[in-house]
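The values are calculated or read from the model by the stated rules, or taken from the named source; none is laboratory data. Since we're looking at a predicted model, the values are computed, not measured. In this analysis, Cβ positions are derived from the backbone assuming ideal geometry, glycine residues included, and neighbour counts consider all displayed protein chains. The area values use the complete protein model at the heavy-atom level, side chains included, leaving out ligands, DNA and RNA. Shrake-Rupley method; radii C 1.70, N 1.55, O 1.52, S 1.80 Å.
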Amino acid sequence: MKFFIDTANLAQIEEAQALGILDGVTTNPSLMAKEGITGEENIRNHYKKICKTVHGDVSAEVIATDFEGMIEEGKTLAKIDPRIVVKVPMTKEGIKAISYFSKEGIKTNCTLVFSVGQALLAAKAGATYVSPFLGRLDDISTDGLGLIEEMRLVYDNYGFKTQILAASIRHTMHIVDCAKMGADVITAPLSALNGLFNHPLTDIGLEKFLADYKKGNV
Ligand code: E4P
């Protein structure tokens, strides 16, 4: 299972990279705006910085919504760095663009996926990754994890190579549950990744080991 961090914050990316467990980064226009990164050139430069920091795939989202615009923008993004994955929304134009990029050997991430039918289309188009937004489904009282489970079943039925990238993860248990469901990748905020470390028995156990060591070595 790959771990991606879902942020455009360089300090957080560096912190996760330093742990040695990071496989990539996902961003979106909202995450860029949150960091105050605006304007095409600044955004491109920020992707360059992210690609220098992380040793894995970096999703960069197109803003265009028409096929020609997505192709032009996607090609420009892909030229920034071999790590760039062009993130394309789940629309008819988006699926056409993913199919085009797939034939051109450009990696893609089909974003804003909320149903098995949409996931099937992304796989048929040859997307490298597909991003089901489980937290946003949970927000509207729909079973986000259930979608991951159903996608896994359908992809395995046909041996689709598209990787299920569980997105819109809100907390640590989402990561654990996605691992149980067989998601290929999770993308999570740093807080959810850090939550994986925590167990009170680890803290208590370590404290006792250190105290006992001190007793014998004073
Ligand atoms: C996925 O790639 C998106 O950037 C992200 O996971 C969306 O998460 P949100 O629903 O918390 O905004």
Rolling a 1.4 angstrom probe over the protein heavy atoms, how many square angstrom per residue are accessible across the chain? 52
Rounded to the nearest Å, the spacing of the alpha-carbon centers of segment 67-113 and segment 114-188 is 19
Other-chain or far-sequence residues with amide H under 5 Å of V113's (modelled H): S131, F133
For segment 125-218, the Debye formula with one identical point scatterer on each Cα and no solvent gives log10 I(q)/I(0) at q = 0.11, 0.15, 0.18 Å⁻¹ as -0.45, -0.64, -0.80
How many nm is it between the label spots at L210 and K124, if each spot is 7 Å from the Cα in line with the beta carbon? 5.7
Efficiency of FRET between T65 and T142 - r from beta-carbon atoms, R0 30 angstrom, step 0.05: 0.75
Ignoring ligands, DNA and RNA, please state the percent of accessible area on segment 1-122 from carbon and sulfur, probe 1.4 Å. 53
Long-range amide H partners of A188 with built H, under 5 Å: F4, I5, D6
Residue-averaged 222 nm ellipticity for the chain, from DSSP H runs of 4+ at -39500 (n - 2.57), nearest 500: -16500 deg cm²/dmol
Counting pairs of alpha carbon atoms under 8 Å apart in space and at least six apart in sequence, what relative contact order in percent does segment 1-134 give? 17
Simple spin-label estimate for L201/S30, 7 Å along Cα→Cβ, in nm, reads 3.7
Going down the table (K2/K96; K92/K161; K49/K107), which pairs top 24 Å between alpha carbons? K2/K96
Where the Cα atoms of segment 7-97 are projected onto their three principal axes, how long is each span, largest first, in whole Å? 39, 24, 21
Can you give the accessible area of D139, probe radius 1.4 Å, in Å² rounded to 10? 100
With labels modelled as points extended 7 Å from the Cα through the Cβ direction, what inter-label distance (nm, one decimal) is found for K49 paired with E14? 1.0
Please report the accessible area of F3 (heavy atoms, 1.4 Å probe, ligands and nucleic acids excluded) in Å², nearest 10. 40
Quotient of Cα radius of gyration and Kirkwood radius for the chain, i.e. Rg/Rh, equals 1.05
State log₁₀ I(q)/I(0) for segment 93-133 at q = 0.14, 0.16, 0.18, 0.24 Å⁻¹ as given by the Debye formula over alpha-carbon point scatterers of equal weight, solvent excluded. -0.24, -0.31, -0.39, -0.67
